[in-house]
Amino acid sequence: MSFDHNKIEAKWRKKWRESGLYKVDLKGAKKPFYNLMMFPYPSAEGLHVGNMYAFTGADFYGRFQAMRGQEVFEPIGLDGFGIHSENYAIKIGAHPSQQAKVSQKRFYDQLSRIGNRFSWEQRLETYDPEYYKWTQWLFIKMFEKGLAVRKKSMVNWCPSCKTVLADEQVEGGVCERCKTPTVRKETYQWFFKITDYADRLLGNIDKIDWPQKIKTAQRNWIGRKEGINITYEIKGSKKTVTCFTTTPVNFGATFIVIAPEHVLVKESKNKKIQEYVTKALKKTEQQRQMEGKEKTGVFTGLYAVNHVTKKEIPIWVADFVLKDVGTGAVQGCPGHDLRDFEFAKKFGLPITRVVVGPDGDRNEITRKEQVIQSGTSGKMVNSDFLNGMEFSKAMQKTMDYFEERGWGERVISFHLRDWLISRQRYWGPPIPMIFCDKCEWQPVPEKDLPVELPFVKDYQPLGEGKAPLEKAPKEWLEVKCPNCGGKARRETDVSDTFLDSSWYFLRYPSIKSNKDSLPGTGKTVLREKLPWDQEVTRRWLPVNAYIGGAEHAVLHLLYSRFVWMCLRDWGYLPKSLGDEPFPFLYSHGLLIKDGAKMSKSRGNVVIPDEYMEKFGTDALRMYLMFIGPYDQGGDFQDTGMMGMRKFLDRVWRLVIAIQDTPGVKNSATPGVSEVGRFRHQTVKRVTQAMENLRYNVGIAALMEYVNFLEFHLRLLTPGVKNSSTPGVVVEAVETLVLLLAPMAPFISEEMWQMLRKSEARSTKFESVHQQAWPTFDEEKARADKVEVVVQVNGKLRARLSLGRDEAQDKEQVFKAAKSEAAVKRYLENKKPVKEIFVKGKLVNLVVR
RNA sequence: GCCGUGGUGGCGGAACCGGUAGACGCUCGAGACUUAAAAUCUCGUGGGAGUAUAUCCCGUGUGGGUUCGAGUCCCACCCUCGGCACCA
């Protein structure tokens, strides 16, 4: 006997929608719980099972919270404005604005079937002008506060995407999206000065409840380092060169290396140097890294003077020194840095030892194995005032020494760089800036927002740093200067996709809260000057639970934190909301297929639709969460899913059975019994599992419970002695349905209504999802009889079944233990040495 | 290289504070029901010795250690996955 999941799902989907079950009172909620999941970027095949995995886990949590009395707001939307969606449109030869409509429909159709308690009233799409109007507003605020700046800088350029990229979007020298090696390019671009917030972004990490993994990734990315900038005078010149360092190895510094982009190099007229620099700059980042093992470089002909050794040291140019790290110049200490060592070896530069490592080697350094690098313990040598000091402790003294003499100053260096916002692409929000020859860059006045993206038929990226919007109609491009009214021109770059998603969670609760329709026009007007309603925001933010993938560890999650801090500092968000948008973040693992990551190229992408059709959405949801711990992901297999469907069938039969069994119905004599105890135990286990998002163990607990109830119900037939009353069984099955409700929302609703109907309690629709989560009593969950384990010398020899109180009594337990035949055997001719007793659990007899 | 995960049967995975390793599920095997199949139900399923549901030995990546007792704690190492990376 089975159930017709398609029929049941359709029925309840309709009923829930009609009754407004998942509507939330955004303005009046007393116990608001903002349950947020990272929104997807829609593409080709629509929703794949990986998306569903993420959403299902988040929904288990949301539904659980709802049954615990929280008013849960679980919104959904689409992040479809950006390179990803544009590239897909190019691939299939469509226009992104058209493709967006197609993808949107497909995605929302699928999303409405996965059983999540979405608040459909508040959905948003980042390409909706109503939304990106405010993305542009955010840009303008950044500009007004001096955090959006246009500056000439060496940036990453993707030759395939034909746009510049933020550092976070380049992974190992290749473009995050298309995997093309990126090159360095010096151009004018818009940046957000996220570095101004580096200290806070780093410091707050200690205060948030996030996975260790993500916190570490952010810490590393921000990369705070304390060190000193040492300024060297250049011999025979008024110029200087400043090197950043974090290690106390100045006595071993025998040369200086500057990056190819360094100012000193630009000024050089030397042909050989210029040749080298030109070649170095043309390399892709990947080439530069790959060739890194083989050092290259050119001597500049210049010398600096080492402050402490007083020796003249040569200045070289080499591409292993990066312009953006520290000052773009380093003091080379070949004895204690592997890169410097390789460089010195290749070009015959002197090597001095200033640290003796744990191996005690004091000889001249000639092999790379002898190079003692920072992080290793060691003692300073050949270093005058530092001699004998521990390597790791000598830096403070070195910095004091240099600062006292005016040779350098302490600095804090960050790995984090400013967020490059502009993209030379089409599908994104136009950057709302206007350039006037007289007044320079002026923001578009707020009343003129949004700057709508004009239709450009031939929207493909142009390359050469030119944006497709250069081809926009003249009426769009040429505007009056907002300041002087003179001739001016719009910015043609659009903003980064990650700007769209950096604030979307602020918008959700306020959709439909702060706008009214203009009668007859269908257009909306905003009542407020902000993208959100302050009252609603105060009620719903920060986000209570944010659930998503770990791939956004240093992208979206860092940008969002930054934007939140800015908005709060400027007073657009109430101070009382705290310094962080996501105090609790949970990152789920990756769902794989046949041991490999799902990807189009492998052809192993699983589309959930057919599984929902065949086994039911409930079975798929539960199977996904049963595969393994939610934070670790798992391998998707068809056989396991069949097992889950069978489990639901068994639950179904159980509900049918208690209605058919005589004497079970309408009896309500609750009492302590084996069934009652098991019920309390199960509620406890499932509750704890749900609280900690340990869904796989929660489901396992339910399975055990069902096994037990089936067994028990079989005993509950006339003439067979049993330990419980029928009423207890009814209660036990009702509890089962309640515990199952967040996991399998459709079938649980169907079963709940069956149980209610049979009891004729109410004619009004009361969803199972509105019921209170069952509670448990620690005392009632405890068993009467406990098993006490008997060990001899730590090895298990016997098990005793004792009464609860009896097992607490040391004397009684030992008496029982020693009379066990299996134990006696080991005590003969042996001398007892020690007796260990763990109350109610275990004894250990130590003999010799 | 650095940082962070994780390593448990044929497989996915359980195991609270150091106290019964392998819950739950899949797979597989045997049986019941059936004309038959499917479905369902029952039993078994870490390895080894053993006629045995007797009993014993070995078992949580490897090698040491702490402890009456270690999957769990400590030290060293190996491997997987993820992040960062010529970061000065």
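The charge dipole of region A:325-460, taken about its Cα centre with unit charges on the Cβ atoms of Lys, Arg (+1), Asp and Glu (-1) only, comes to about 380 debye. Pairs with C-alpha atoms separated by more than 30 Å, drawn from the list A:Lys238/A:Lys438; A:Lys457/A:Lys593; A:Lys152/A:Lys239, are A:Lys238/A:Lys438; A:Lys457/A:Lys593.
Using the Karplus relation 6.51 cos²θ - 1.76 cosθ + 1.60 with θ = phi - 60°, the per-residue 3J(HN,Hα) values for region A:57-71 come to x, 5, 6, 3, 5, x, 5, 4, 4, 4, 6, 8, x, 7, 8 Hz, with x marking Gly and Pro. Given the pairs A:Lys14/A:Lys764; A:Lys266/A:Lys311; A:Lys162/A:Lys471, which are separated by over 20 angstrom at their Cα positions? Table pairs above 20 Å Cα-Cα are A:Lys266/A:Lys311.
When a/c is below 1.5 the answer is rounded, else prolate if a/b is larger than b/c, else oblate, so apply that to chain A with a ≥ b ≥ c taken from the square roots of the Cα gyration tensor eigenvalues. Oblate, since a/c reaches 1.5 and b/c is not below a/b.
Modelled this way, with points 7 Å down the Cα-to-C-beta line, the labels at A:Lys480 and A:Ile412 are 4.8 nm from one another. Derived scalar couplings between HN and Hα for region A:573-580 equal 10, x, 4, 5, 6, x, 8, 10 Hz in order, rounded to whole Hz, by the Karplus curve 6.51 cos²θ - 1.76 cosθ + 1.60 (θ = phi - 60°), x for Gly and Pro. In terms of its C-alpha gyration tensor, region A:596-642 has an oblate overall shape, because the principal axis ratio a/c (a ≥ b ≥ c, square roots of the eigenvalues) is not below 1.5 and a/b does not outweigh b/c. You can think of it this way: the chain between A:Met754 and A:Glu835 has 23.5 nm of extra reach, that is 0.36 nm per residue less the Cα-Cα gap. Taking a straight line from the alpha carbon of A:Lys213, these aspartates and glutamates sit under 13 Å away, with near neighbours fewer than eight places off in the same chain left out: A:Glu551, A:Asp631. Packing, taken as the mean count of other beta carbons within 10 Å per residue, orders the peptides A:205-211, A:560-566 from highest to lowest as A:560-566, A:205-211.
Oblate is the label for region A:154-304. Its Cα gyration tensor axes, ordered a ≥ b ≥ c, give a/c of at least 1.5 and b/c at or above a/b. Amide hydrogen proximity for A:Val155: with H placed 1.01 Å from N in the peptide plane, the residues at 5 or more positions away or on another chain lying under 5 Å are A:Lys185, A:Glu186, A:Thr187.
Comparing A:Val149, A:Leu555, A:Trp210 along the charge dipole axis of chain A, the residue lying farthest to the positive side is A:Trp210, per the Cβ-charge model. When you filter the trypsin sites (Lys or Arg not before Pro) in region A:246-295 for DSSP loop state and at most 12 other Cβ atoms inside 10 Å of their Cβ, you are left with A:Lys269. What whole-number distance in Å separates the alpha-carbon centres of region A:80-115 and region A:19-48? Region A:80-115 and region A:19-48 have Cα centres separated by 19 Å.
On the protein heavy atoms, probe 1.4 angstrom, tell me the percent of accessible surface of chain A carried by carbon and sulfur. Here carbon and sulfur together make up 50 percent of the probe-accessible area. Cα to Cα, under 21 Å, and not fewer than 8 places away if on the same chain: which lysines meet these conditions relative to A:Lys529? Partners found: A:Lys27, A:Lys133, A:Lys141, A:Lys145, A:Lys447, A:Lys512, A:Lys515, A:Lys575. Hey, what do the phi angles of region A:810-824 turn into as Karplus ³J(HN,Hα) couplings, whole Hz, using 6.51/-1.76/1.60 and θ = phi - 60°, x for Gly and Pro? Values per residue, Gly and Pro as x: 4, 4, 4, 5, 5, 4, 5, 5, 6, 8, 6, 4, 5, 8, 3 Hz. Taking 23 Å as the straight-line reach from the Cα of A:Lys841, the lysines in range (excluding those fewer than 8 positions away in the same chain) are A:Lys684, A:Lys780, A:Lys785, A:Lys795, A:Lys810, A:Lys815, A:Lys818, A:Lys824. Dividing the helix sum by the residues of chain A, where each DSSP H run of 4 or more adds -39500 (n - 2.57), gives a mean residue ellipticity at 222 nm of -10500 deg cm²/dmol. Between A:Trp441 and A:Cys436, the built amide H atoms are under 5 Å apart, and every one of these is 5 or more places off in sequence or on another chain. Using +1 at the Cβ of each Lys and Arg and -1 at the Cβ of each Asp and Glu in chain A, identify which of A:His48, A:Gln637, A:Ser268 lies farthest towards the dipole's positive end. Positive-most Cα among the choices belongs to A:Gln637. Compute the signed sum of charges (Lys and Arg +1, Asp and Glu -1) over the other residues within less than 12 Å, Cβ to Cβ, of A:Phe81. Within the 12 Å Cβ shell, the charges total -4. Each peptide among A:409-420, A:57-68 gets the average number of other Cβ atoms lying within 10 Å of its residues, and from highest to lowest they stand as A:57-68, A:409-420.
For A:Leu842, the residues whose modelled amide H falls within less than 5 Å of its own, excluding neighbours fewer than 5 places apart on the same chain, are A:Val789. Accessible area of A:Phe299 (1.4 Å probe, protein heavy atoms only, ligands and nucleic acids ignored): about 70 Å². Given +1 on the Cβ of Lys and Arg, -1 on the Cβ of Asp and Glu, and no further charges, what dipole in debye does region A:260-373 carry about its Cα centre, rounded to the nearest 20? Using Cβ point charges on Lys, Arg, Asp and Glu, region A:260-373 gives about 380 debye.
Charging the Cβ of each Asp and Glu at -1 and of each Lys and Arg at +1, and nothing else, the dipole of region A:1-102 about its Cα centre rounds to 480 debye.
The values are calculated or read from the model by the stated rules, or taken from the named source; none is laboratory data. These figures come from a predicted structure and were not determined experimentally. Every residue, glycine as well, gets a Cβ built from its backbone with ideal geometry; the counts of neighbours run over all protein chains shown. With ligands, DNA and RNA removed, areas are computed over all heavy atoms of the protein, side chains included. Shrake-Rupley method; radii C 1.70, N 1.55, O 1.52, S 1.80 Å.
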